[in-house]
Amino acid sequence: MQRTYKFRLYPSIEQTKKLQNNLKVCKWVYNKMIDYSKNKSVSRNDLNYFLTELKEQEPWLYSYHSKMLQMISTQIDGAQKALERLRKNGYKTGSLKFAKYEECGSFTYNQSGFKIEEGFLHLSKIGKTRIILHRSIPENVQIKQIMVSKSKSGKWHACVTCDVDTALPKIRFLNSVGLDVGIKNLAYDSDGFATPNPLNLKKLLKPLTRAQRNISRRSIGSQNRKKAVKFYQIVHERIKNRRKDFLHKLSTHYAKKYDVIFVERLAKSNMVKNHKLARNILDSGWGIFTNMLDYKCVLVEVPARNTTVDCSRCGNKVSKSLAVRTHRCDACGLVLDRDHNAAINILKRGLGIFNIKLPQELREVTPVKIPKGSMKQENTTGR
Ligand SMILES: [Zn+2]
């Protein structure tokens, strides 16, 4: 298994120039390769051969780490294969675009040309840069590659990928949970634990719009505009980091507590089209969240049909609009938060996929008509 650690780099002014130069060269080579592979299918070997020829023509390329330049062909090859897979699955795809010469980007050192020692990252042809190891890399692991990246706000990071030996843990399906992801509650699990949506964007929306406004007030091309853009990027990145931090903590909580997690298979692209919901959905970052769960534990998607409508205790259909937050079943008298009800349905469906006998408390009961008036009694035994 591979694990990647991300560390902050603090390059000096001179090193920053060198790193920046590396980004530029990588983009230049990338664009040359994209140009070369236009309208024909080329393999990684073809691209590497092209790179050797390119180096003959442009000898200055020899002063850059050769593995780094080769990684660009690996990157293009990977991207093209991913596009092909999409095409096979019936998606419409375009071709790879030229890289823009923006200030941000990344380059990768694979297998050789790097060393981490005493708070410094040594990179071949660049030198040593101060690195903050805020957490320790386990000893005796082999570092496979290091990706150096620059974010839009100008921060440098190194992503260190290592091979880690971990025995696959035994999966106990009964230690599983159903998760309903939503807007009001980012996650509501079948054990009744709700996590309200932090809506990070909303909190920082004011500073963000102010920063945006500042940009439009400055005249194009001026130093002040550049400064304003940078500040905007910083606010933007802060939102991104807060969201990511929150989602990491939540997904780790679930991955540690449960072996298997069931979620709905969401048609997210459809929901984003609904503009009222769109920003909230994107802001809550469901996709990032499920991705994190996917690599931290066993994540299984179940069909989403009717999870909010079905009664989790008797199977009776109780239709409700988005605004109705409580599930009230006329047939069995179950009163539950609507998301909790959905989470239990998801768990039941998930266990059903694997033919696992449902625990006693999840088994369906035969509904008995409950006379009106006794509905208000909160049902505590129903889960
Ligand atoms: Zn019911």
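The values are calculated or read from the model by the stated rules, or taken from the named source; none is laboratory data. Since this is a predicted model, take the numbers as computed values, not measurements. Backbone-built Cβ (ideal geometry, glycine too); neighbour counts: all protein chains shown.
Could you tell me which residue of region 57-111 is farthest from residue 123 (Cα to Cα), considering only residues that are touching a residue at least 12 places away in the same chain (Cβ under 8 Å) and among the aromatic types (Phe, Trp, Tyr)?
Here the answer is 98.
Give me the pairs: first residue in region 169-185 and on the phi > 0 side of the Ramachandran plot, second residue modelled with pLDDT under 85 and part of a strand (DSSP E or B), beta-carbon distance under 8 Å, and six or more apart or on different chains, which are they?
From residues that are on the phi > 0 side of the Ramachandran plot, there are no pairs.
Taking region 1-17 as the region of interest, how many residues are under 24 Å from residue 161 (Cβ atoms) and surrounded by fewer than 16 Cβ atoms within 10 Å (Cβ to Cβ)?
Qualifying residue count, region 1-17: 7.
Which one of the conditions (1) in contact (Cβ under 8 Å) with a residue 60 or more places away in the chain; (2) surrounded by 14 or more Cβ atoms within 10 Å (Cβ to Cβ) does residue 33 fail to meet, given that it meets all the rest?
Result: residue 33 fails condition (1) only.
Give the residues of region 226-249 that are surrounded by fewer than 15 Cβ atoms within 10 Å (Cβ to Cβ) and without any contact (Cβ under 8 Å) to a residue 24 or more places away in the chain, sorted by residue number.
226, 227, 241, 245, 249
Being away from the ligand (no atom under 14 Å from the Cβ), modelled with pLDDT of 90 or more and either over 28 Å from the mean Cα position of the chain (by Cα) or in the same structural domain as residue 192 (by TED's automatic domain parsing) (or both) is the requirement here; does residue 346 meet it? Give the steps one after another, and end with the answer.
Values: away from the ligand (no atom under 14 Å from the Cβ): yes; modelled with pLDDT of 90 or more: yes; either over 28 Å from the mean Cα position of the chain (by Cα) or in the same structural domain as residue 192 (by TED's automatic domain parsing) (or both): yes.
Criteria met by residue 346.
If we keep just the residues of region 147-170 that are surrounded by 15 or more Cβ atoms within 10 Å (Cβ to Cβ) and among the polar types (S, T, N, Q), which is farthest from residue 74 (Cα to Cα)?
Ranking the candidates gives 153 first.
Are there strands (runs of 3 or more DSSP E) fully within region 68-170 with at least 3 residues that are polar (S, T, N, Q)? List them.
In region 68-170, the matching strands (runs of 3 or more DSSP E) lie at 105-110.
Can you find a residue in region 103-116 that is in contact with a Cys (Cβ under 7 Å, 6 or more places away or on another chain), surrounded by 13 or more Cβ atoms within 10 Å (Cβ to Cβ), modelled with pLDDT of 90 or more and on the phi < 0 side of the Ramachandran plot?
Among the residues of region 103-116, at least one is in contact with a Cys (Cβ under 7 Å, 6 or more places away or on another chain), surrounded by 13 or more Cβ atoms within 10 Å (Cβ to Cβ), modelled with pLDDT of 90 or more and on the phi < 0 side of the Ramachandran plot, which makes the answer yes.
Return yes or no: is residue 251 closer than 30 Å to residue 311 by Cβ and of a type in the set (S, T, N, Q)?
On the way: closer than 30 Å to residue 311 by Cβ: yes; of a type in the set (S, T, N, Q): yes.
Yes, satisfied.
Listed here are the residues, each with its yes/no results for (1) away from the ligand (no atom under 15 Å from the Cβ); (2) without any contact (Cβ under 8 Å) to a residue 40 or more places away in the chain; (3) under 30 Å from residue 252 (Cα atoms).
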| site | (1), (2), (3) |
| --- | --- |
| 292 | yes, no, yes |
| 297 | yes, no, yes |
| 303 | yes, no, yes |
| 307 | no, no, yes |
| 314 | no, no, no |
| 317 | no, yes, no |
| 321 | yes, yes, no |
| 325 | yes, no, yes |
| 330 | no, no, no |
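Please count how many residues of region 283-340 are on the phi > 0 side of the Ramachandran plot and surrounded by fewer than 16 Cβ atoms within 10 Å (Cβ to Cβ).
So the answer is 1.
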